[in-house]
1. List the residues, sorted by chain then number, that are 5 or more residues from Asp155 or on another chain and whose placed amide H is less than 5 Å from its amide H.
2. Evaluate 2.2 N^0.38 Å with N set to the residue count of segment 150-217, then give the Cα radius of gyration divided by it.
3. Sequence neighbours fewer than 8 away in the same chain don't count; with that in mind, list the aspartates and glutamates whose C-alpha is under 13 Å from Lys129.
4. So for the chain: antiparallel DSSP bridges make up what percent, rounded to the nearest 5?
5. Could you rank the peptides 140-147, 29-36 by their average count of other C-beta atoms within 10 Å per residue, with the highest value first?
6. Working from Cα positions, state the angle (0 to 90°, nearest 10) between the long axis of helix 4-14 and the longest principal axis of the chain.
7. With a/c under 1.5 counting as rounded, go ahead and sort segment 101-245 into rounded, prolate or oblate using the C-alpha gyration tensor (a ≥ b ≥ c being the square roots of the eigenvalues; past the cut-off, prolate if a/b is larger than b/c, else oblate).
8. Counting only heavy atoms of protein chains, what accessible area per residue, in Å², does the chain have with a probe of 1.4 Å?
Amino acid sequence: MTRILPFLAMLLLSLPAAADSLRALISETNTPPFIIYSHEATKTGLVIDISNEVAHQLGLEIEYLSIPRARTEQWIQTGQADLWCFTSPKWVREPETMLWSEPLYTTVDLLIRKASTAPFRQLADLYLKKIGTSRGFHYPELEALFATAGASRDDALSLKENLQRLQLDRVDVVIADDFSYNYYMNANKDSAETQALAADQIWSYAQPSYCAISNTNPLKAEAIRRVLADIHANGSIERWLRHYF
């Protein structure tokens, strides 16, 4: 924790206009290990760990707001929420309207198919395919293909739902990040259905993941950004990831 953070937290809480809570966005399309829902309706996961730690270090109560992913950008822009993790400037329409954390970790996009089908080795292999996608997610590498009807996207609310549709031949392939896919495979490693799946990586670079911060209260936004930088620097994220994997 840097020396300036306690001062920022105290100053933040002393302002009459400052809320006494950290309002963090979550969405029904957040898959494990980013958000894990238990039977008791409690939430764990990497996004929860990060948000809880920010609130703890700033001395704020945490409030989770569950909204459709398509509305998350607007809520951050208008100050209805303070923090939105597992996103990227590349995935929103107006990234300049928000404050961004530094990259906190990276994920790799995978194309998941039935193991009995041919691997995907290049973008052209997706031509005329129906791709299982997550509702509200933006896929920069595939947008041109979708725009020209070279392939079609078919949204679902969860990776589990998408993989079920793949097994029923309702989609030809599913796109998902490696964290979500590996967590799902580990959790279902004894299932015959998962053993019949394979995953291909056709673009070689990793995708950095960030937290977006509402800039409607600049002091609060800067305090949040500094705590996120500290969390990244002290190795907390790596420790949380080791726990989930």
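1. Answer set, sorted by chain and number: Thr133.
2. Numbers: Rg = 15.2 Å, N = 68, 2.2 N^0.38 = 10.9 Å.
Relative to the rule-of-thumb radius for its length, segment 150-217 sits at 1.39.
3. Here the aspartates and glutamates satisfying the reach criterion relative to Lys129 are Asp154, Asp169, Asp172.
4. Working: 19 of 34 bridges.
Counting DSSP beta bridges with both partners in the chain, the antiparallel share is about 55 percent.
5. Values: 140-147: 13.5, 29-36: 22.1.
My ranking of the peptides, most packed first, is 29-36, 140-147.
6. 70 degrees
7. On the way: a/c = 2.41, a/b = 1.60, b/c = 1.51.
Cα axes put segment 101-245 in the prolate bin.
8. Values: 11930 Å² over 245 residues.
With all protein chains present, the chain gives 49 Å² per residue.
The values are calculated or read from the model by the stated rules, or taken from the named source; none is laboratory data. These numbers were taken from a predicted model, which means no experiment stands behind them. Neighbour counts run over all protein chains shown; Cβ positions are idealised from the backbone, glycine included. Quick note on the areas: whole protein, heavy atoms, side chains included, nothing else; ligands and nucleic acids left out. Shrake-Rupley method; radii C 1.70, N 1.55, O 1.52, S 1.80 Å.
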